[in-house]
Each structure stands twice: as C-alpha cells, then as structure tokens.
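What follows is a single structure, written as structure tokens, with notes after it.
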Amino acid sequence: MSDLVIETHGLNKTFRTRQGAVRVAVRDLDLAVPGGGVHGFLGPNGSGKTTTIRMLLGLSRPTGGTMRLFGTEVPRHLPDVMPRIGAVVESPKFSPMFTGRQNLLLLARSIGEPDARVDEALETVSLSGRDGDRYKAYSLGMKQRLAIAATLLKQPQLLILDEPTNGLDPAGIREIRETIRDLGARGVTVLLSSHILAEVQQVCDSATIIGHGRMLASGRVEDLIGSSTTYRVGVAEPDEAGRVLRAAGHVVRREGAVLVVDTPEPPDRITRALAEGGIYLSELVPVRADLESVFLELTEESTLGHGADLGARPATGAEEVR
Amino acid sequence: MRLLTVELTRLRWRRAVVVLLACCVVIPALLLLGLAWGTRPVSGSEIQQAKDMVAENNRANQEAYDDCVAHPDDFDIPPGEDPAVICKQYTGVDEDYRWYLTRQPLDVAAEREGTGLAVISLLSALTMLIGTTFAGHDWNSGSMSNQLLFEPRRRRVWLAKAAAVFATCLVVSAAVLALWWGAVWLLAGSRDLQASSHAWGRIAASAGRGSLLAAGAAVAGYALTMLFRSTVATLGVMFAVAVAGQAVFVAVLGDAALRWVLPTNIGAFLFNGIDYYDGSGSDQCVDVGNGAVECGTGMAHLSLAFGSTYLLVLFGVAAALSLWSFQRRDVP
C-alpha cells in the first residue's frame, strides 16, 4: 500500500479541436503527492494543471496512463474515495438562482450529511450572514468562499483547490491561506493549484511544477529553491578568488567588483576555500532564490525545449498534430 | 432514494419549474372557463332576441314578396311564370329562430378529442419544458460538475434526475387531468348532460395515457437536454422535428408517411387507435351492381399497440443515447 495520496503514471490527455487537430494537454505525467501537508501544483496557463485535476476527479477521461487516489485506482473506483475528497475546480460553479445555503444543502444531502453541517461550513468561511442571498448576487470572493465551504461538507482527507484565492480581497486571501495551512497542519492533504508563486512558497510544503503537460520538477519547496542558492562574494582580488572557488567546484561569474557564486554547498565552504587560498572576504551575502525564479527558469526551459534539473524530463512544448 | 429526494428538492426550488407547474394548472383552468362559457345553455333573452330578429326578417321578406308579386316586371319574372312561386324563391320567408341559436351544448364524449386533447397537448408541452429547463440549468450554470464531485456515479445521477422529473410531471399531469374531467363532470351534471359510463371509461383511459405521455415528454425533454447540454439546442431540435421534420417527411413520402409521424402515433396512443387518411385504396373502385361503383375511403387505422411501440422506441433511443453520452463525455 502506497503512502502517496495522489499518484499518476504516464497520464495523458489529448483533445481534438474543431479544426481536427489533436492537442496534447497532458503528456506522460507522473505525479506523486504524499499524504499530509500542502502540495503546490504550479504551471503557466495551459500547462495542464486543471486538466490533470479534472481527470483525477472523474470529470474528464484520460487518454492514457493510470491514476490512484489513496492508493485506489480511479476513475474506476472513484466513488469509493470521493467521500474523502473535497475539490474546487476552476471557478466556483453553483446554481445562480439558489441561495448559498440552498446550494450547500443540496450537496450535503446528496452525501447524507445533516443540514447542520452546512451551518458549520458557512461559519468556517464567514458566510453565515449572507447565506440567504442568491448565489448570483455574491461577489467573486464570496463565491470562492462558498466553494471552499462546499469542500468542507465532506470533512475531507484530501482537498484539491484550483486557484482558490482568485478574486478574494487581501483579508480574504490571508484567511484562505491560513485555512489551507491549518488544514495541512491537521493532517489533511491539500493539493493547491495556483499561479501565485508567492502563495505556493508561503503555504506549501512541497510542490510540483509542470509545463506543457509534463512534469518539470517536484520536491520540497525548500529543495526546489535551495538547489540554486546564490551568494554575492566581495573580495579585494576577485580574479584570484574566482580561480580559487572554481577550483573548489563552485560555479562563479563576475559582476563588476563582486563575484556571484552558485552552489548547492553551505556558505562556510566558500569562506573556507577562500581562506585556504589566502583570500579574505569583505562581503558574503546569500541571494536567496525564490520559487518564482525557479518556476520561470523551468518553464522557460520547457518552452525552449530543454530539460531542467531536479528530475525534469525533456520537454518539447505543447504539441499539436494534425 | 437519497439522490431522488435531493433532485425532487432541486426541482421544487427551481423558480422556472414552479412557474411552469403553475401554468399546468392555470391554463387548463382558463380553458375550462372558456369551455363553460362557449357551451352555456341558451338563455330566454337570447331566444327572445332570436325570435325578434326572425320576426323582423320575416316581415321584411313578406314586404319584399308582396312587392314582387304586385310588380313582377320590376323583378324580371319571366313571362308565363307564376310570380307567386318565383317571388318566393327570390325573397324567402319563414325563417326559424333556432337558426340564430348556433351555440352547441356541452358534449362530454366529444370533448375527449376536443378540449381534452388540448389539455393533454398543453401539459405535454409544459412538462417537456420542465424537463428541458431542469437539465439545461445544471449545464448552463456549470453546477453539474460540482454535483459530480459529490456523487461521481453518473448513471445514478442521470437516473435520479430523470425519476424526479418523471414522478413530478406524472403526478401533476394526472392531478390536472383528474381535476379537468372532474370539473367537466360537474359542469355537465349542472346542465343535465351526463355522458354514458362507456364514454367516461374511454375518457379515463385517455386521461391515464395522457398523464403518461406528459410525464414521458418531460423525461424526453430532460434526456435530450442532457445529450445536447443546452436548453436552446434541445428546443431547436424539437421545433425542427415537430414542424420542419414532419412537413419534409410527408412531402417526400406522401400521405402514407402519416403513419410514421409523431402526432398520428400520439393520437393512436391517446385514443386507443386512430383513423387517418393515407390515400390508399381511394382510387380503387369496384362495381357493386346496378351500375353503381364503390371506391376506397383512403382511410387507414393505426392501433394503440403500434402507437405505443412507436413512442416507446423513440423514448428509449433518446434516453439510451443521453445516458450513454452522459457517462462517456467529459463534463465541463
């Protein structure tokens, strides 16, 4: 029995356009999300994130490959695991003429949850005072909160959220992020699909980056960022220092009077190498890479047709075959 | 059962459905008022009015007749003819007041294929709209995908929604038709015009099948909308089939095609078989002796069994296609 909550192997999805062309949305995607914590699912528009989520949830049929949720093969056995999964896919979708409460009541009753569960969920997302309003009168932020309330009706063990903070005001965004972190801390596995890289960096423990339907990188957020940590090194003799550091196995380039060192090693290795070469530091500043730079680097490489580090596969970009 | 209850609630909460259900009651009530008014007994004042009119006409005719007899040349009476006879033909006399009392009394048995059919047709159209709008709203709002996140077994979802539509429309149609014929019975009773028990038996059978037809129409509308995923597309297809499809069918295949069109088969289903014109045998005449010939009437009979089978096949194909499509296709 696997500890992975979400697994896909060689997942494929192709669409046929009206012009008869075949568009590849997801290609040979291997996704592995361990249980517990918040897992980011990153990728530019059209990279296949939502398509992957829709396939996992049985809304879309894969063209090839296998998928498992909680170790159970889906979509064949999806009804067995669906009671443990809450999801918001793309924008919230409810009946516009029903009130927020009516929408949730129908969903709760369809899974046999008592009506009181609706009150709890509405309370959690601070919609109790507006639950009698029609859904069409809600702001985008309220619609998002209602969608999140719907996911909480099941008391899920896996929460799949596709751009959950879209349209929320700053306070709402903070609330939702706190809710997500809180759920993750309580043992709920959260798959957070988001374009907001800072959000993923703040909220997620691990992340998967995809581009053009392929996985480009996956791992703990710290590892993804840390793998390309950069230091600014100030010395009196930059040319000599550069030679010493290169000899020690670091990647070095000169930017004016300072050196820029890319290394997976901890910073004391830099100071030791220079000291052993008789060179003394005047400045050593870690320039922390953020997820955005990693993301842009990986997706750019994907677009250009190069593979990336961190377990990336060769990518050829979106393909359309007539 | 849980899903069925949810879908019944969803149906009840849909405002468009409630409005259409109200129309199922209000419009037949208006039709009933029209029927009661249109078949009301002739009043004494109406008879007196007619008699006065006849007396006036007869007096005018008599004057014209007298003038004609007195001055036959002015009326171009041919020479040698008796003016008294010819003038009678020219002017006319002796009108009967009953000629001016053309309103027919209520005929309960005849109403089965009159207003009774109108009510069933109306109910079928409205329930079909109920089925269509019920499914269409789920697709238009995108809430179908949300529902499937809670109940991913698509066949169950399809069947629960279909059962909710069928049950609601069957109950409403049966109730409306029962109320309709109950009201007609009361109306006829108040005018001492009761029909035979045989006629009432035929009415009850038609009303029962009419309820089934209306409920079936609702599920057909639902099934087609689940197939096309759009209320507008379903209504467009229904309009095309009902109007253009039938016209083209008959234009291409001639009167014989009437056997295969929807209204004829609905008639056969509702009225325990139906006679329709297909032209067959109308040009085949036989000598029946004494110089007389007898030609075919061109009429054919469509049985209840044929009509029922025709409707069941159409319904089954639509439902099967819809369910298959819902289970197979991606949900937006």
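The values are calculated or read from the model by the stated rules, or taken from the named source; none is laboratory data. None of the values given here were measured: they were computed from a predicted structure. Positions of Cβ are backbone-derived with ideal geometry, glycine not excepted, and every protein chain shown enters the neighbour counts. Note: accessible area is taken over every heavy atom of the protein model, side chains too, but ligands, DNA and RNA are not part of it. Shrake-Rupley method; radii C 1.70, N 1.55, O 1.52, S 1.80 Å.
Looking at segment A:78-87, is at least one residue acidic (Asp, Glu), open to solvent by 50 Å² or more (accessible area, probe 1.4 Å), over 25 Å from residue A:217 (Cα atoms) and touching a Ser or Thr at 6+ places or on another chain (Cβ under 7 Å)?
Scanning segment A:78-87 turns up at least one residue that is acidic (Asp, Glu), open to solvent by 50 Å² or more (accessible area, probe 1.4 Å), over 25 Å from residue A:217 (Cα atoms) and touching a Ser or Thr at 6+ places or on another chain (Cβ under 7 Å).
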Quiz item: Inside segment A:94-109, can you point out the residues that are over 17 Å from residue B:149 (Cβ atoms), within 8 Å of chain B (Cβ to nearest Cβ) and touching a residue at least 12 places away in the same chain (Cβ under 8 Å)?
Solution: A:96, A:97
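Could you grab me the full set of residues in segment B:1-54 that are small (Gly, Ala, Ser) and within 14 Å of chain A (Cβ to nearest Cβ)? First the steps, then the outcome.
To start, the set of residues in segment B:1-54 that are small (Gly, Ala, Ser) comprises B:16, B:22, B:29, B:34, B:36, B:38, B:43-45, B:50.
Hit for segment B:1-54 is B:16, nothing else.
With the condition being open to solvent by 60 Å² or more (accessible area, probe 1.4 Å) and over 30 Å from residue A:89 (Cβ atoms), I'd like the strands (runs of 3 or more DSSP E) fully within segment A:178-296 carrying at least 3 qualifying residues. Step through it out loud before you land on a result.
Values: elements: A:189-194, A:206-211, A:214-220, A:230-235, A:251-255, A:258-262, A:281-287.
Those strands (runs of 3 or more DSSP E) span A:251-255, A:281-287.
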Practice problem: Give B:11, B:32 a once-over and let me know the one that is closer than 21 Å to residue B:161 by Cβ, in contact (Cβ under 8 Å) with a residue 12 or more places away in the chain and part of a helix (DSSP H, G or I). | Solution: B:11
Quiz prompt | Tally, over segment B:87-108, of residues that are under 20 Å from residue B:57 (Cβ atoms) and assigned to a helix (DSSP H, G or I) | solution = 9
Quiz item: Listed residues A:68, A:54; which is basic (Lys, Arg) and within 30 Å of residue B:11 (Cα to Cα)?
Solution: A:54
Quiz item: Is it true that some residue in segment B:276-291 is touching a helix residue (DSSP H, G or I) at 6+ places or on another chain (Cβ under 8 Å), open to solvent by less than 30 Å² (accessible area, probe 1.4 Å) and either in contact (Cβ under 8 Å) with a residue 24 or more places away in the chain or within 14 Å of chain A (Cβ to nearest Cβ) (or both)?
Solution: yes
Quiz item: When the residues of segment B:14-29 are filtered to those that are touching a residue at least 60 places away in the same chain (Cβ under 8 Å) and open to solvent by 50 Å² or more (accessible area, probe 1.4 Å), which remaining residue is farthest from residue B:114 (Cα to Cα)?
Solution: B:25
Quiz item: Which condition number does residue B:326 fail, the rest of (1) open to solvent by less than 50 Å² (accessible area, probe 1.4 Å); (2) within 25 Å of residue B:120 (Cβ to Cβ); (3) modelled with pLDDT of 95 or more being met?
Solution: (2)
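Looking at B:163, B:167, B:110, can you tell me which residue is out of contact with any helix residue (DSSP H, G or I) (no Cβ under 6 Å at 6 or more places or on another chain), surrounded by fewer than 20 Cβ atoms within 10 Å (Cβ to Cβ) and at pLDDT 95 or above?
Selected residue: B:167, the only one of B:163, B:167, B:110 that is out of contact with any helix residue (DSSP H, G or I) (no Cβ under 6 Å at 6 or more places or on another chain), surrounded by fewer than 20 Cβ atoms within 10 Å (Cβ to Cβ) and at pLDDT 95 or above.
Take the conditions modelled with pLDDT of 90 or more, under 22 Å from the mean Cα position of the chain (by Cα) and open to solvent by less than 50 Å² (accessible area, probe 1.4 Å) and apply them to residue A:146. Does it pass?
Values: modelled with pLDDT of 90 or more: yes; under 22 Å from the mean Cα position of the chain (by Cα): yes; open to solvent by less than 50 Å² (accessible area, probe 1.4 Å): yes.
Criteria met by residue A:146.
Could you identify the single residue in A:126, A:91, A:139 that is modelled with pLDDT under 90, surrounded by fewer than 16 Cβ atoms within 10 Å (Cβ to Cβ) and within 14 Å of chain B (Cβ to nearest Cβ)? Reasoning before the result, please.
Numbers: A:126 fails: within 14 Å of chain B (Cβ to nearest Cβ); A:139 fails: within 14 Å of chain B (Cβ to nearest Cβ).
It is A:91.
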Quiz prompt | Output for segment A:244-276, where each listed residue is in contact with a Lys or Arg (Cβ under 8 Å, 6 or more places away or on another chain) and of a type in the set (Gly, Ala, Ser) | solution = A:248
Quiz prompt | Given (1) open to solvent by 60 Å² or more (accessible area, probe 1.4 Å); (2) in contact with a helix residue (DSSP H, G or I) (Cβ under 8 Å, 6 or more places away or on another chain), index of the condition residue B:7 fails | solution = (1)
Practice problem: Could you list, in sequence order, all residues of segment B:8-54 that are within 24 Å of the chain's Cα centre (by Cα) and over 30 Å from residue B:137 (Cβ atoms)? | Solution: B:32, B:33, B:34, B:35, B:36, B:37, B:38, B:39, B:40
Quiz item: Where in segment A:1-85 are the strands (runs of 3 or more DSSP E), entirely inside, with at least 1 residues that are under 18 Å from the mean Cα position of the chain (by Cα) and touching a residue at least 24 places away in the same chain (Cβ under 8 Å)?
Solution: A:4-16, A:22-34, A:38-42, A:64-69
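Which of the residues belonging to segment B:32-81 are among the polar types (S, T, N, Q) and open to solvent by less than 70 Å² (accessible area, probe 1.4 Å)? Reasoning before the result, please.
Residues of segment B:32-81 that are among the polar types (S, T, N, Q), as a first pass: B:39, B:43, B:45, B:48-49, B:57-58, B:61-62.
Hits for segment B:32-81 are B:39, B:43, B:57, B:58, B:61.
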Self-check item: Long-range neighbours under 7 Å by Cβ, at least six apart or interchain, first residue under 8 Å from residue A:40 (Cα atoms) within segment A:183-206, second of a type in the set (S, T, N, Q) and surrounded by 22 or more Cβ atoms within 10 Å (Cβ to Cβ)
Solution: A:200/A:194
